[in-house]
Amino acid sequence: MPKTSEPQLSIPNFRVSHVLAPVKIHQVTEPFLKGTFVTNGKHFGVVSQVISNSHYPIQISWWESNSEQVSEKFCYSWDMLQTLKIKPLALFIPQKTFLIIPNGTLAITETDELIQLSQTLFWLKSVDEAGYHLLNQNESWVFPLKDFPGIPYACLIDLPSKNILDAAKNLSLTELKVWANLWLDLNSPQNLLEQLHSSPNLASALKKAFIQSKYLQAEQFLGEDLQTAWQDAFLSYLEEKKRTVGLWGYQVSSSVVQSTLKSRLNSSKECNYNYNFGQVIELKLNSKKPVIIKWEPDENNISYDDLELKNNSISPILPFVKLSE
C-alpha cells in the first residue's frame, strides 16, 4: 500500500474587513498624539504636549541616555519632524510582540460575518499590506491596518518605564524658571525693593502667590525643581531691579555725589561747595543700611540708610537725556 501522509492540523482563519468597535477618533496630529513614544534613531522621547493652532504643534520630551531624567523639551513643526527623521516608536514589532484584542471588539469578516471578540492574547506573526497577522493556540486572524484595535501587552525589547513617562509630564526646571520670571514681571509691585527692605516676609508671600497662580494650575512638577526655579528666578529678578529701578532712587552701578559747604561769600548769598563723587556698588535689602557706596579717590565703602543719605547731602546723579536739538 502506498504510504499516506499524516493529516495536517489546521486552525480557523478569520479575515476582518472592518472594525466597528471600538471607534477610534482620528486627530489631525496623528500619528504624533500625546503620549506617543518617538525616536530619531539615537534617542527616545515621548510626545508630552500637542499645541493646537501653532506652527510648532508637537512638543517632545527627550530622555537622557540610560536615564529616566528628561534632558530637554522641544517643539517641532511637521517639516522639522520629517527633516530630523523623528518617528513614532513601533509598538507592534513582528515576531516580538504579544498584544491584546480588547473585550467587546466588534468586527465584520470578509464573509460578512459579524463577530464580537472577548479579550484575547495574540502573537504578532507579521505585518504587511493586508494588515496585522495574529496567532494564538486556537485561531488565526488578519486585521486591517485601519482602526487596528490591538493593545501592546509585552514585547521582546525594552520600552520606556512608567517612571520615565511620568517624568516627561513634569514641567522642566527651565520651564518653571520662565513661568516664575513672567509672573514676577506681571505681579510684583513697582517699589518691590522698598517693600522687601521694610517687610522681608514679602518674598515668601510672593512665592506662595506664584504657586497658587494660574501658571501652575493643572501642571505637574517636582518640589525641588520648583524651589530651585523660584530661587534662581527671584534672585535674578532682584538683581535686574537693583540696576534698573533701585532703592530710594539709588541704582547699582549708578553714580552719586556728596556736596559739603566750603565757604559762604559775604557779599552775596552764593555758597561754595566741595563735591565728592562715588558709585553705588550694592543694595543689601536685608540690612539696616542697605545702600553701599564706594567713594573716590580713596575707594572707601560706606553703608547708608535713607536718613543718612539725606543728612549727608548725598544724591544720585541722573543720566543726561537729550530731548531735542
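The values are calculated or read from the model by the stated rules, or taken from the named source; none is laboratory data. Owing to the predicted nature of the structure, the values given are computational and were not obtained by experimental measurement. Side chains included, ligands, DNA and RNA excluded: accessible areas come from the protein's heavy atoms. Shrake-Rupley method; radii C 1.70, N 1.55, O 1.52, S 1.80 Å.
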Self-check item: Translational D in µm²/s for the stretch 183-286 (Stokes-Einstein at 25 °C, 0.890 mPa s, Kirkwood Rh from C-alpha pairs)
Solution: 145 µm²/s
Quiz item: Accessible area per residue, 1.4 Å probe, Å², for the stretch 23-124: what's the number?
Solution: 63 Å²
Practice problem: For each pair in Lys87/Lys125; Lys208/Lys310; Lys73/Lys214; Lys177/Lys284; Lys214/Lys289, compute the distance between the two Cα atoms and list the pairs where it is over 29 Å. | Solution: Lys208/Lys310; Lys214/Lys289
Quiz item: Across the stretch 83-90, in residue order, what do the Karplus-derived ³J(HN,Hα) couplings come to in whole Hz, using 6.51 cos²θ - 1.76 cosθ + 1.60 with θ = phi - 60° and x for Gly and Pro?
Solution: 5, 7, 6, 8, 10, x, 6, 5
Quiz item: Under the Karplus relation 6.51 cos²θ - 1.76 cosθ + 1.60, θ = phi - 60°, what is the ordered set of whole-Hz ³J(HN,Hα) values for the stretch 107-118, x standing for Gly and Pro?
Solution: 9, 10, 7, 5, 9, 6, 8, 8, 10, 10, 8, 8
Self-check item: For the stretch 183-207 versus the stretch 80-139, the gap between their alpha-carbon centres in whole angstrom
Solution: 58 Å
Self-check item: Amide hydrogen neighbours beyond the local backbone of Ser140, cut-off 5 Å, H modeled
Solution: Asn13, Phe14
